[in-house]
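J.: To start, I am sharing the structure in question, which I have written as structure tokens.
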2 protein chains.
Amino acid sequence: MAKLKVKLLKLSAGRPVVILHKKFAEKSSLHVNDRVYIERRGKRIAAVVDIATGFLKQNEIVVSTEVSTAMKLKEDILIDIEPATRPKSLELIQKKLSCKKLSRKEFEEIIRDVVKNALTEAEIAYFVSAVYKCGMSMKEIAYMTKAIVDTGKRLNLKGKIVDKHSVGGVPGRTTPIVISICSSAGLLIPKTSSRAITSPAGTADAMETICKVDFTIPEIKKILRKTRACLVWGGSLNLAPADDRIIRVEKLLNLDPEAQLLASIIAKKLAVNAKYVLIDIPYGKNAKVNKKEAKNLERKFKKLAKHFNIKIACSLKKVEEPLGNGIGPALEISDVIKVLKREDSCHKLEERSLELAGKLFELTGKAKKGQGLKLARQLLDSGKALEKFREIVKAQKGKVKEIKKAKYKKDIKATKNSKIKEIKIQELNTLARIAGCPLDKAAGLYLHKHVGEEVKKGQTILTIYAESQIELKEAVKYYKRVKPIKFK
Amino acid sequence: MAKLKVKLLKLSAGRPVVILHKKFAEKSSLHVNDRVYIERRGKRIAAVVDIATGFLKQNEIVVSTEVSTAMKLKEDILIDIEPATRPKSLELIQKKLSCKKLSRKEFEEIIRDVVKNALTEAEIAYFVSAVYKCGMSMKEIAYMTKAIVDTGKRLNLKGKIVDKHSVGGVPGRTTPIVISICSSAGLLIPKTSSRAITSPAGTADAMETICKVDFTIPEIKKILRKTRACLVWGGSLNLAPADDRIIRVEKLLNLDPEAQLLASIIAKKLAVNAKYVLIDIPYGKNAKVNKKEAKNLERKFKKLAKHFNIKIACSLKKVEEPLGNGIGPALEISDVIKVLKREDSCHKLEERSLELAGKLFELTGKAKKGQGLKLARQLLDSGKALEKFREIVKAQKGKVKEIKKAKYKKDIKATKNSKIKEIKIQELNTLARIAGCPLDKAAGLYLHKHVGEEVKKGQTILTIYAESQIELKEAVKYYKRVKPIKFK
């Protein structure tokens, strides 16, 4: 244990952080991202180590506001510091890494440590590796799901709550359309969505081009009382904070262990008290899973949902190219508005949205088996869904409007008469991100042609939008190098 | 891409760091420890993200001196920032995580990214998991070893260079004794050691109680010209920086994949140009490996060493309790001095040190087969080894002296007449750390009795030393709870 003199800095880092002098850190075998205990007058908290020089003396410690507030520290006070003991959950992660089964209590221990920041990202990576290499039994998945829900906040709504979720991988903003259709028939849908992590846009990024998406739980409840549906960002609600942290570590390697995927989705549905859940599972060569994996996922979703008393349906669909024309926050929401206004079906976006809405009607008993699609189409054609969408956007302090196009654009044209053979989703996503998505909301791509369509020499196939000429240039360069659209 | 206004702060973090405003980070889907590119006038570097509020505005970015120096940034300048692209080595880590073999080029790619900080600790954890779960072929181990050496500095010494290494796990400071004996016979031994990470003391911590251990490479060469041996800290020499980073991540979970262990040790020996290497492999119930694993390790060490043209010997020994009496930096160096001064053999410390020195004499041809032990004992008994040790310590700006005892101590006494059955090494290590090791150099434990010895009621078995009463109390509490010494 060593004594150090406190230096305050108005740095709130979102977690307790201390900055130590490099020499002191070396002597104490402490490294960046290590954990230490800070102790004073019997009070003790854990903090993450950052290391600096020039900035402080060897016997000084700079603390973030999270530390100074919790410990009531003032400038020049002396505090004790010592390396933090190993969290017990590390042994459990080690156990899982040897492919042994964990108990309910053991999952609770790990998930609790994830939430209270007692585990570093590297330690969580070991847990993800273990789940990836060893898998989990259905019992273990249920334990983990429960632990994730129990360590998060809940929406605590009453009534017949409905939710949908897509396993993801294929661009196309069906969610705002499905939610508008279903809610216009009276279903209660508190939809929380994510922002883009590796894709050009998440539903939250897209909605944000026309309204607010960042609300507190009481604000969301107020919106729901008005409109019985919302389309908000789930990221700041802390519904499943353990899952949020684990997903971030998974994304580093684009790992998505099946067990974690199941627990993650069901936990988020339990946090909003959903009783009816529809899972959208696109499969195919350019999607996340193939047909066999999709069927296997369906079986496991059903098993896990049963355990938690959720009525579930899965909609498996072969999809191998973007559902709509636009890719990017504003361009995707434009597609949504066009479909709702009946101006354009936007390739397969309308068809798929209707299918999903129809399935939800049948699952909840709003429509008899085989009649869901018909009801969905009626609500879309009659303008009721559009009306509902306007209501939701208004409640979220926005307006359904034309979105300003990006400053620069480049049309990519066909160099010969041909037919489109394949559109590579992953490469299109990268292209849209190079063009500026998701930071530049109006940046992105517009597909004029889809798989199977004829193109004539000189016809525009794709338009790239960007807010700066540099980004546009970079995107065009990438397009030419990678050729994400294949011709026959 | 977004533009942010630079705020300077005299923070040198040892790596390029930027602090972003929480709101900006959320909108850009950036998180603590993510990597971003900073760009200005065609110059571009990667930096690690930290997040804060209060401290800066949404459109501002605080940069560490590593960033401001490299990019020549001034206060209020506008710079571009964008999420960093995935390093290519992530795909290779993913490949290894699927248990596929990697090529020489692929190992070079991964190790290069580890060294230039392009991989986060979580990403390195995935690599360690992959090696842990899938193992590596001897070919792969050789590729990795070579990549680790090639990305580090080298000592570039000429001559018949000798080195030793312990696989570790059992306390007992044989190294200073072995090096003193062997060097007094003329062997050239540039010994670099580590500080304690999870143990109460490393050789560097122990030596530091009587001399300096932190030198630059030119300083070490100067010492070697004088004394033909040194006992320095290897941590700041950058001999195998990739390995240093990987080991830190392994330690989080106390993982020590065999392939990594082999590559790590041989790489460090190659970096000092060692031609003769002795590996000390203690095995047994309380050691790191059992007999079978020890034999297996020996076989692989021999194979890998042959590949790099190193003459190697392994010394397997069943060891199930600390070799000496002291545990902790100062207490262990006291044992070393007692053995060298012929005052006390300190349990099995003298015997094991002589064995190891003898093996080295036989390996290097200084003694005929079967005659090494005799030569070692002569050099110890004649005082030549002590003389050599004094020379080394003097060259490292220190003095062989009595070390001041810690302020507080507590004798643990036997409660009945009995015999010691077992001493649990891991628990003793934890006990010593609770008492203040390695930060408090004089803290630690002194074992008055060893396995198999008779104890009488009231006799002192163990003394705990600490620099504060709180730590002493905590240590005694831990001793009583865990009972690391078992009686018959």
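J.: Among the residues of region A:1-23, which ones are open to solvent by 20 Å² or more (accessible area, probe 1.4 Å), in contact with a helix residue (DSSP H, G or I) (Cβ under 7 Å, 6 or more places away or on another chain) and more than 8 Å from chain B (Cβ to nearest Cβ)?
T.: Residues satisfying the conditions are A:L8, A:P16.
J.: Checking A:S29 against (1) of a type in the set (S, T, Y); (2) part of a strand (DSSP E or B); (3) under 18 Å from B:R195 (Cα atoms), only one condition comes out false. Which one?
T.: (2)
J.: Only one of B:K421, B:K407 is in contact with a helix residue (DSSP H, G or I) (Cβ under 9 Å, 6 or more places away or on another chain) and either more than 14 Å from chain A (Cβ to nearest Cβ) or under 30 Å from A:F24 (Cβ atoms) (or both); which?
T.: B:K407
J.: Going through region A:12-25 one residue at a time, which ones are at pLDDT 80 or above and in contact with a Ser or Thr (Cβ under 9 Å, 6 or more places away or on another chain)?
T.: Selection gives A:P16, A:V17, A:V18, A:I19, A:L20, A:H21, A:K22, A:K23.
J.: With respect to A:V49, is the statement that it is touching a residue at least 12 places away in the same chain (Cβ under 8 Å) and either more than 28 Å from the chain's Cα centre (by Cα) or within 12 Å of chain B (Cβ to nearest Cβ) (or both) true?
T.: The answer is yes for A:V49.
J.: Of all the strands (runs of 3 or more DSSP E) wholly in region B:392-471, which have at least 3 residues that are hydrophobic (A, V, I, L, M, F, W, C)?
T.: Per the criteria, B:460-466.
J.: Name the residues in region B:225-256 that are of a type outside the set (A, V, I, L, M) and in a helix (DSSP H, G or I), would you?
T.: Result: B:R225, B:K226, B:T227, B:P241, B:D243, B:D244, B:R245, B:R248, B:E250, B:K251.
J.: Considering each residue of region B:24-40, count those that are more than 10 Å from chain A (Cβ to nearest Cβ) and open to solvent by 20 Å² or more (accessible area, probe 1.4 Å), and give that number.
T.: 3
J.: Could you please find all residues in region A:367-389 being surrounded by fewer than 17 Cβ atoms within 10 Å (Cβ to Cβ), free of Cβ contacts under 8 Å to residues at least 40 places away in the same chain and in a helix (DSSP H, G or I)?
T.: Listed by number, the residues that qualify are A:K374, A:R377, A:Q378, A:D381.
J.: When you go through B:A443, B:A466 one by one, which is the residue that is within 14 Å of chain A (Cβ to nearest Cβ) and either free of Cβ contacts under 8 Å to residues at least 40 places away in the same chain or in contact with a Cys (Cβ under 7 Å, 6 or more places away or on another chain) (or both)?
T.: B:A443
J.: Just wondering, is there one or more residues in region B:322-338 that are modelled with pLDDT of 95 or more, of a type in the set (K, R) and either within 30 Å of B:T216 (Cβ to Cβ) or assigned to a loop (DSSP other than H, G, I, E, B) (or both)?
T.: no
J.: Here's something else I'd like to know. Take the residues in region A:248-299 that are of a type in the set (S, T, N, Q) and open to solvent by 20 Å² or more (accessible area, probe 1.4 Å), then tell me which one is farthest from the other protein chains (Cβ to nearest Cβ).
T.: Once the filter is applied, the top-ranked residue is A:N273.
J.: So how many residues does region B:257-314 have that are more than 21 Å from the chain's Cα centre (by Cα), of a type in the set (G, A, S) and in a helix (DSSP H, G or I)?
T.: 0
J.: Please go through region A:405-431 and pick out each residue that is under 22 Å from the mean Cα position of the chain (by Cα) and more than 14 Å from A:K480 (Cα to Cα).
T.: Of everything in region A:405-431, those that are under 22 Å from the mean Cα position of the chain (by Cα) and more than 14 Å from A:K480 (Cα to Cα) turn out to be A:I425, A:Q426, A:N429.
J.: Looking at the structure I just gave you, is A:S345 in a loop (DSSP other than H, G, I, E, B), assigned by TED's automatic domain parsing to the domain that holds A:V167 and either of a type in the set (S, T, N, Q) or buried (at least 24 other Cβ atoms within 10 Å of the Cβ) (or both)?
T.: yes
J.: Moving on. Criterion first (open to solvent by less than 20 Å² (accessible area, probe 1.4 Å) and in contact with a strand residue (DSSP E or B) (Cβ under 6 Å, 6 or more places away or on another chain)) does A:V232 satisfy it?
T.: Taking the combined requirement at face value, the residue satisfies it.
J.: Next question. Which number in (1) within 14 Å of chain B (Cβ to nearest Cβ); (2) over 18 Å from A:I148 (Cα atoms) marks the one condition that A:R245 misses?
T.: Here A:R245 clears every test but (2).
J.: Within region A:87-95, can one find any residue that is open to solvent by 30 Å² or more (accessible area, probe 1.4 Å), modelled with pLDDT of 90 or more and not charged (D, E, K, R)?
T.: yes
J.: Sort out which residues of region B:179-211 are in contact with a Cys (Cβ under 7 Å, 6 or more places away or on another chain) and either within 24 Å of B:L373 (Cβ to Cβ) or not assigned by TED's automatic domain parsing to the domain that holds B:L360 (or both), and write them in order of number.
T.: If the condition is that a residue be in contact with a Cys (Cβ under 7 Å, 6 or more places away or on another chain) and either within 24 Å of B:L373 (Cβ to Cβ) or not assigned by TED's automatic domain parsing to the domain that holds B:L360 (or both), then B:I189, B:K191 are the ones that fit.
J.: Return the residues of region A:52-79 that are more than 24 Å from B:L56 (Cβ to Cβ) and facing chain B (nearest Cβ under 9 Å); say none if nothing qualifies.
T.: Matches in region A:52-79: none.
J.: How many residues does region A:122-149 hold that are in a helix (DSSP H, G or I), of a type in the set (S, T, Y) and open to solvent by 20 Å² or more (accessible area, probe 1.4 Å)?
T.: Going through region A:122-149 one residue at a time, the tally reaches 2.
J.: Yes or no: A:A395 within 19 Å of A:K473 (Cα to Cα) and in contact with a strand residue (DSSP E or B) (Cβ under 8 Å, 6 or more places away or on another chain)?
T.: Considered against the rule, which asks whether it is within 19 Å of A:K473 (Cα to Cα) and in contact with a strand residue (DSSP E or B) (Cβ under 8 Å, 6 or more places away or on another chain), A:A395 comes out as no.
J.: Going through region A:469-486 one residue at a time, which ones are more than 14 Å from chain B (Cβ to nearest Cβ), over 19 Å from A:K407 (Cβ atoms) and surrounded by 14 or more Cβ atoms within 10 Å (Cβ to Cβ)?
T.: A:P484, A:I485
J.: Okay, next question. Give A:P218, A:P176, A:P171 a once-over and let me know the one that is surrounded by fewer than 19 Cβ atoms within 10 Å (Cβ to Cβ) and either assigned by TED's automatic domain parsing to the domain that holds A:F389 or not in a helix (DSSP H, G or I) (or both).
T.: After ruling out the rest, the residue left standing is A:P218.
J.: Can you name the number of the only condition in (1) over 25 Å from B:L252 (Cα atoms); (2) free of Cβ contacts under 8 Å to residues at least 60 places away in the same chain; (3) surrounded by 15 or more Cβ atoms within 10 Å (Cβ to Cβ) that A:K43 fails?
T.: (3)
The values are calculated or read from the model by the stated rules, or taken from the named source; none is laboratory data. Because the structure is a prediction, the values reported are computed rather than measured. Cβ sites come from the backbone with ideal geometry, for glycine too, and all protein chains shown count toward neighbours. Keep in mind that these areas ignore ligands, DNA and RNA; they rest on the heavy atoms of the full protein, side chains included. Shrake-Rupley method; radii C 1.70, N 1.55, O 1.52, S 1.80 Å.
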